Protein chains: 2
Amino acid sequence: MLPMDGTVMVESPSLEKLVQEFAALPGIGKKTARRLAYFVLNRPRQNIEPLAAAITEACEKVKRCSLCHSFAEEDPCPICQSRRGAKTICVVEKFSDILPFENAGIYHGLYFVLGGVLSPLDGIGPENLHIPQLIRRIASEGIEEIIFALGSSPEADSTILLIDKLLSGSPVKRSNLARGIPMGSELEYIDEVTVLRAFESRTGL
Amino acid sequence: MLPMDGTVMVESPSLEKLVQEFAALPGIGKKTARRLAYFVLNRPRQNIEPLAAAITEACEKVKRCSLCHSFAEEDPCPICQSRRGAKTICVVEKFSDILPFENAGIYHGLYFVLGGVLSPLDGIGPENLHIPQLIRRIASEGIEEIIFALGSSPEADSTILLIDKLLSGSPVKRSNLARGIPMGSELEYIDEVTVLRAFESRTGL
């Protein structure tokens, strides 16, 4: 425990390991990781075991739905099960993008998690996304409309373009979420591209 | 899985539980907790099990040193063991306050973790701190100097005052970290109390 240079290791190995594991989480730096580790050690045993158990349990129970690729304990997931037969599918990048739709309660169709968007610079090509599965599902379930909800970026646009091309000849309706000024925002803080798109897509009163 | 009102639970119970456990950590809100949970589920199994294991292992192995109350796997902790016989003790609020001293390499004496500072509004009285243990240790180990490193707050000041009073009559030397302008800061952004203290404690050139 006493290194060669005479200094003492203040943090024990298992504490240091816990700090490293927390620091590996996204958005958690070394300092926050250390704070979390101390917090965990300060809590009574019975209050902290649930965290470790929840991690293990979630990793064991939660799987990907084979139809829409969202997280679920059952396969197909509750949404795919309960909305079987719906003819509209909303294509999102990742599972968490489903939540705003469900929270708003505005949409009652199916979802499809693409698993990302095309991004050659990050090495994400069509083969890394669930594009073939989407095309197959559209055909096999007789989907009539696809709504792309992929966010607003050149990568998202080229992903939509590719899927649109793969579906050329198919009668399925395709739409994209409207681009424009978000609610509650002040115009002076909006970037130029958003203003440009909002201007081009201006709607009659 | 289909609630009475016809809406579908998007997140599975074990996913929801994981989100809640993350959100119970300090400084982690519901949104960050959700992001962490998705990250955990997205990682391959073998990369995430170490997190759960590290939590369990740290909780099992890391204890409080019976002499200084800092976290350690051994008792006494490495610092108390290797510096046995030192006559100076540095009193800190919590374990993490030891790190800046050890990182700076400026201090080679003992430490003592008080476990907090007096804060009647938060219900923290003398009985919640390790004050009797500190007094006992000072006597039994023949400590000659106490350095208070309790941060700069009225609560810290009243804690120091109480310990000072309990030691009245004892020949032990007591000192407090200097208060003043921190390194690298611009005077215009320093609060008045800090400026006042720095002015009062100004040192000759």
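The values are calculated or read from the model by the stated rules, or taken from the named source; none is laboratory data. Small disclaimer: the values here were computed from a predicted structure and weren't measured. In this analysis, Cβ positions are derived from the backbone assuming ideal geometry, glycine residues included, and neighbour counts consider all displayed protein chains.
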Can you tell me which of A:ILE89, A:ILE146, A:ILE160 is buried (at least 17 other Cβ atoms within 10 Å of the Cβ) and within 19 Å of A:ARG64 (Cβ to Cβ)? A:ILE89
Just to verify a result, which residue in the stretch A:125-140, among those that are among the β-branched types (Val, Ile, Thr) and closer than 20 Å to A:ARG84 by Cα, is surrounded by the most Cβ atoms within 10 Å (Cβ to Cβ)? A:ILE138
The stretch B:111-205: helices (runs of 4 or more DSSP H) wholly inside it with 1 or more residues that are acidic (Asp, Glu) and at pLDDT 90 or above are B:154-166
Where a residue in the stretch A:152-180 is under 19 Å from A:GLY116 (Cα atoms) and its partner, wherever it lies, is modelled with pLDDT under 90 and among the hydroxyl-bearing types (Ser, Thr, Tyr), with Cβ under 9 Å and at least six apart: A:SER152/A:THR194; A:LEU177/A:SER152
Out of contact with any Gly (no Cβ under 9 Å at 6 or more places or on another chain) and β-branched (Val, Ile, Thr), is that true of A:ILE124? no
Where in the stretch A:1-99 are there helices (runs of 4 or more DSSP H), lying wholly inside it, with at least 2 residues that are in contact (Cβ under 8 Å) with a residue 12 or more places away in the chain? A:13-23, A:30-42, A:78-82
Counting only residues that are surrounded by 18 or more Cβ atoms within 10 Å (Cβ to Cβ) and either under 20 Å from A:GLU141 (Cβ atoms) or in contact with a Cys (Cβ under 7 Å, 6 or more places away or on another chain) (or both), which one in the stretch A:96-109 is nearest to the other protein chains (Cβ to nearest Cβ)? A:ILE98
Checking B:GLN81 against (1) buried (at least 17 other Cβ atoms within 10 Å of the Cβ); (2) closer than 15 Å to B:ARG64 by Cα; (3) out of contact with any helix residue (DSSP H, G or I) (no Cβ under 8 Å at 6 or more places or on another chain); (4) not β-branched (Val, Ile, Thr), which single condition isn't satisfied? (1)
Restricting the stretch B:110-124 to residues that are crowded, with 16+ Cβ neighbours inside 10 Å and not hydrophobic (A, V, I, L, M, F, W, C), the residue that is farthest from B:SER158 (Cα to Cα): B:TYR111
With respect to B:GLY27, is the statement that it is within 7 Å of chain A (Cβ to nearest Cβ) and at positive phi true? yes
Go through A:ALA52, A:ALA58, A:ALA33, A:ALA72 for me and flag whichever is more than 30 Å from A:HIS130 (Cβ to Cβ), within 7 Å of chain B (Cβ to nearest Cβ), surrounded by 15 or more Cβ atoms within 10 Å (Cβ to Cβ) and among the small types (Gly, Ala, Ser). A:ALA52
